[in-house]
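Peer 1: Supplied in structure tokens, the structure appears directly below.
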Amino acid sequence: MRRQIYGILVLGLLALTGAAQAQTCTITRPATINFGTVDVLLNAAVDITATISVSCTGLANQTVRVCLNLGDPNTGTVGGVRRALSGTNLLTYQFYSDAGRTVKWSSWVTGGAGVEVLVPLNASGTSTPVVRTLYGRVFAGQQTARAGTYTANFSGAFTHQRSRYTSTGQLCPTMTTGALRWNFTMSATVPAKCVVTSATLNFGNPTALTANIDASTNLGIACSTALPYQVQLNGGLSGATNPTLRRMTKGAEFVTYGLYRDAARTQPWGATLGTNTLSGTGTGNTVAVPVYGRVPVQTTPTPGVYNDTVVVTVNY
């Protein structure tokens, strides 16, 4: 006898669902955010801008919240400003998220204010770039900063990029995972230079040249910190090669005079470097440099106004 064994085959249905697609975002920015040449002797702020572009891919028709954070390299901030370094020398600057340069672009991770960018995804799960502007400022009041190229390297933990779909409800200050980077370098160049403020030397209104007539004035000289310099005074419009025999003229007539580096009028001031020029070392600040003049005894020409123009040259 055969036994027939009847069984029941139970087929289970396995429902396969696609894994949630994470968003992927890309930050496009300059490799170097460059302030260019920063002439600190002008004692004026230098402002620049840079364009930051954010693009994302992910789930169709979703919106991605992207958090852009900037930390503080070069051992952090001092007095609320960032620091760029040239060796051990320091230049202060800041990055902002607004054109008025009032809101520092910092990091939510360290309790500051980063920048939130909302990126809409289309039906294909891609986006058009969303642009934000980074505003930079090197501060005035840094005349004593030494010449050099100053940099700050924004990389690693200093350039957090975090993103989530807005549907998750997560806000930038609470996003603590999923950090990517948008590294760049900040750069600024402080040139070695000097600035001269001209002056007028007035011998007054003598009636006769029967005694020495002395007068003095001050040039303003500002040179970069630690920069050696020499100040030359040329021979005036007459091209005098002897610094004590320059000429103030009125038509064909003239009055001889000299310019000196010392109040005793024993050190003539001319244009031969290392011989009769004035040497100094810059501090970054404007210093008053005295010029001593003398009209020696000589035949008195006819009355009138006698003048000359002397060119001041600073070699460094």
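Peer 1: Counting Lys and Arg as +1 and Asp and Glu as -1, what is the net charge of the other residues whose Cβ lies under 12 Å from the Cβ of LEU68?
Peer 2: So the environment of LEU68 carries a net charge of +4.
Peer 1: If you don't mind, another one. Please work out how much length the chain gains when fully extended from LEU118 to SER167, using 0.36 nm per residue of separation minus the C-alpha to C-alpha distance, in nm with one decimal. The partial results should precede the final answer.
Peer 2: Working: separation 49, 0.36 × 49 = 17.64 nm, distance 1.19 nm.
Full extension of this stretch gives 16.5 nm more.
Peer 1: Can you tell me the relative contact order of the chain? Whole percent, Cα pairs under 8 Å, sequence separation 6 or more.
Peer 2: Working: 757 pairs, mean separation 57.5, N = 316.
Reported as a whole number, the value is 18 percent.
Peer 1: Kindly identify region 194-315 as rounded, prolate or oblate by the Cα gyration tensor criterion: order the square roots of the eigenvalues as a ≥ b ≥ c, call it rounded if a/c is under 1.5, otherwise compare a/b with b/c, prolate if a/b is larger, else oblate. Spell out each step's value before the answer.
Peer 2: Working: a/c = 2.23, a/b = 2.12, b/c = 1.05.
Prolate, since a/c reaches 1.5 and a/b exceeds b/c.
Peer 1: Right, something else. Quick one: work out Rg over Rh on the C-alpha atoms of the chain, Rh as Kirkwood radius.
Peer 2: Ratio of gyration radius to Kirkwood radius for the chain: 1.40.
Peer 1: Contact order normalised by length for region 71-180, with contacts defined as Cα pairs under 8 Å and 6 or more residues apart; what percent is it? Let's see the in-between values first.
Peer 2: On the way: 139 pairs, mean separation 32.4, N = 110.
Taking the mean separation of contacting Cα pairs over the length of region 71-180, I get 29 percent.
Peer 1: I would also like to ask the following. Would you mind giving the three semi-axes, in whole Å and largest first, of the ellipsoid equivalent to region 24-190 according to its Cα gyration tensor?
Peer 2: Numbers: eigenvalues 214, 45, 32 Å².
Gyration-tensor ellipsoid for region 24-190: 33, 15, 13 Å.
Peer 1: Please give the net charge around PHE254, taking every other residue with its beta carbon less than 15 angstrom from that of PHE254, where Lys and Arg add +1 and Asp and Glu add -1.
Peer 2: +1
Peer 1: Treating only the Cβ of Lys, Arg, Asp and Glu as charged (+1, +1, -1, -1), what charge dipole size does the chain show about its Cα centre? Round to the nearest 20 debye.
Peer 2: 1200
Peer 1: If each of ASN285 and LEU59 carries a label point 7 Å out from its Cα toward its Cβ, how far apart are those two points in nm?
Peer 2: With each label point 7 Å from Cα toward Cβ, the separation is 6.3 nm.
Peer 1: With θ set to phi - 60°, apply the Karplus curve 6.51 cos²θ - 1.76 cosθ + 1.60 along region 181-193 and write out the HN-Hα couplings as whole Hz, x wherever there is a Gly or Pro.
Peer 2: 10, 9, 5, 7, 10, 8, 9, 8, 10, 9, x, 7, 7
Peer 1: Please name which of ALA84, GLY169, SER127 has its Cα lying farthest along the dipole of region 59-193 towards the positive end, using unit charges on Cβ (Lys, Arg +1; Asp, Glu -1) and the Cα centre as origin.
Peer 2: Projecting each Cα onto the dipole axis, the largest value belongs to ALA84.
Peer 1: Here is a follow-up. Which of these, ASN276, ASN218, ASN202, has the largest mean-square fluctuation under a Gaussian network model of the chain (Cα springs below 10 Å)?
Peer 2: For the chain, modelled as a Gaussian network with Cα springs under 10 Å, the answer is ASN202.
Peer 1: Kindly put ARG65, ARG146 in sequence by how many other C-beta atoms sit within 10 Å of each C-beta, fewest to most.
Peer 2: Values: ARG65 23, ARG146 20.
Ascending number of Cβ neighbours within 10 Å: ARG146, ARG65.
Peer 1: Turning to a different aspect of this structure: At 0.36 nm per residue, minus the direct Cα-Cα distance, what do THR313 and THR176 gain on full extension? Give it in nm, one decimal, please.
Peer 2: Details: separation 137, 0.36 × 137 = 49.32 nm, distance 5.97 nm.
Taking 0.36 nm per residue and subtracting the Cα distance, the gain is 43.4 nm.
Rule-based calculations on the coordinates, nothing more; no lab input. In this text, all values refer to a predicted model and were calculated from it rather than measured experimentally. Cβ: placed from backbone, ideal geometry, glycine included. Neighbour counts: every protein chain shown.
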